[in-house]
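Heads up, the thing below is written out as structure tokens.
Read the figures in this text as sums done on the coordinates, not as results from a lab. Since the model is a prediction, treat every value here as computed from it, not as a measurement. FYI the Cβ positions are ideal-geometry reconstructions off the backbone, even for glycines, and counts take in every protein chain you see.
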Amino acid sequence: MKLNINDMSLMEKESLMLALPSHETSKFNKREWKTFMAHSSKIYRQYGITIQTFESVNLSNNNKIIYFKSSNYIPYFRQHKYQVSVEKGMHFIDFLRNMKPSSYVVISVKDDGSQQLTNEIVNELTDFGINLNSQHLQYSYIFVAHKMGPASFEVIHEKFALEDIEWEGVLGGREAVIRSGGALGSNSSSISLDEEEWSLNQRGINLVTIDPSSVKEIETINFDTFTTLFAQGSLFKATPPIVNDTPIHSSAEGQVGWELHGVIYADCTGAMENSYSKRGHIAFEVELELNSDDELVARHDWDFYLYMVLGQNPPKGIEKDKPLSYEQFRILKILGRFSPISMVDLFQFLADHPDVFLVTDTKHTELDIVRKQFSKLVEAAASFNYSVLMRVIPQLYSAEMYPVIEDIFPFTKYVYALYQTTDSDEQVLDFVKKNKIQNVTTYPERYSCTFGAELKKYGARLFILTLNETATARKYIRMN
């Protein structure tokens, strides 16, 4: 799909745009998927639009407006009770009206060309000499005419039938062979001029115009009149039954969901599911550590105290405060029954819950460790065609981390956590402005009204951690 800047300007922020049909993406290898998702991430940064494939969207659970250019998706949206409209496109009637006088028009139907022909449209088509109507469902159909004036056509040939049909003749000095096969026939379309094929051979009305006086003598277009009267390539908009600017499970952003049965640091899918379904949390800060095999797993740290907190027996022979192997990590149940989770487990949770975001908490600032951590994170997303990375928000602890992570994958959003940096407010503001960082977290002692106002001016949201008293939170809200 070729993105048009003018089209993007017509779309609402935080909406979805469908790109690339499945017959193209099915041929993608891992590198191509990663490149596609990296490009999609950059589009989001610039326009606030998320590029996705149709197969990756759960229509039943989606609450975002979806834009698309292929009319093939329209029946699926209508089946899920989406309202489908057209933001920009050429209507079939307008196309016929706008044709230049003295030009020729050829129509060849594939599959069906009459489903969307209302009585009003049929009456307008009759004025052009076109007698196709809804009674000709799935018929073969050929129409050939010479445009004489703004709304008048001299009909050269018209025919519809249950079986395949064909017409041969000369149009504008070119030898023409026209064939049509509806759904009840061969389900195909062909418009050959001087032995060169011009039909797009798509469902509905395949139309070719011939203008001997024009530099671009021959033009071809398709109207999928089984689902719409607008040309393929129009910008369609699908509005779900419930549209919400906030996710379905609304909550304060940045909520951490790793408490289960009163136990903190319970990094398991049970804790996530409990926070998601019972508390409405949709943003999870994930504490990530490398194990002894250099695999990235969800764990607060490898300190010895954590085994007791999580009800785990440390493996025999393990060095104190040293990471476990992946096998050792996986067999240790949390609270005796919950399995600890890997990055693949986390990404599966994202795939199953399309409104969930992950904020990374990787703790380390050493750039070689940062590079290894995020390389492993991105690598784990490969089995999900990297699409889950669109909902991963890396947490930065220094400005130096940003180019290292960007070199691995250009994530849609970042959080700049100031509790480890010694940068001044001016340095932080310069970094946020230059790299369009969307979120900043700080601690009460560092906050000032001036600093908060400057961040807002650059489009960043500021979070203060950690405030446990309602009165204290209200005080900072009043302070801007």
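Calculated from the structure, Rg and Dmax of the Cα atoms in Å equals which of (i) 29.5, 92; (ii) 32.7, 111; (iii) 31.8, 105? Computed from the coordinates, Rg and Dmax of the Cα atoms in Å corresponds to (i). Under 5 Å from the amide H of residue 463 lie the amide H atoms of 440, 441, 442, each residue being 5 or more positions distant or on a separate chain, with H modelled from the backbone and absent for Pro and chain starts.
When the GluC sites (Glu not before Pro) in segment 406-480 are filtered for DSSP coil states and for at most 16 other beta-carbon atoms within 10 Å of their beta-carbon, the remaining sites are 469. Here is the list for segment 1-72: trypsin sites (Lys or Arg not before Pro) lying in DSSP coil, each with at most 10 other C-beta atoms within 10 angstrom of its C-beta, are 2, 13, 27.
Taking amide H as placed 1.01 Å from N in the peptide plane, residue 103 has its amide H under 5 Å from the amide H of 147, each at least 5 places away in sequence or on another chain.
The antiparallel fraction among DSSP beta bridges confined to the chain stands at about 70%.
Taking the DSSP beta bridges with both ends in segment 269-413, the antiparallel portion is around 40 percent. Decide, for segment 269-413, between rounded, prolate and oblate: order the square roots of the alpha carbon gyration tensor eigenvalues as a ≥ b ≥ c, take rounded if a/c falls under 1.5, and otherwise choose prolate if a/b is larger than b/c, else oblate. Verdict is oblate for segment 269-413. Going by neighbour counts of Cβ atoms within 10 Å, the residues 337, 78 line up, fewest first, as 337, 78. Scalar couplings 3J(HN,Hα) for segment 467-472, obtained by applying the Karplus form with A = 6.51, B = -1.76, C = 1.60 to θ = phi - 60°, are 10, 9, 10, 4, 4, 5 Hz; x denotes Gly and Pro.
Close Lys pairs in segment 393-480, defined as Cα atoms under 22 Å apart and 8 or more places apart or on different chains, number 13. The 3J(HN,Hα) values that the Karplus relation (6.51, -1.76, 1.60; θ = phi - 60°) gives for segment 152-167 are, in residue order, 10, 10, 8, 6, 8, 7, 8, 7, 10, 6, 6, 8, 4, 10, 8, 9 Hz. Gly and Pro appear as x. Under the combined filter of DSSP loop state and at most 15 neighbouring Cβ atoms within 10 Å, segment 163-226 retains these trypsin sites (Lys or Arg not before Pro): 216. Between the amide H of residue 393 and those of 358, 359, 360, distances stay under 5 Å, these residues lying 5 or more places away or on another chain, with hydrogens modeled in the peptide plane.
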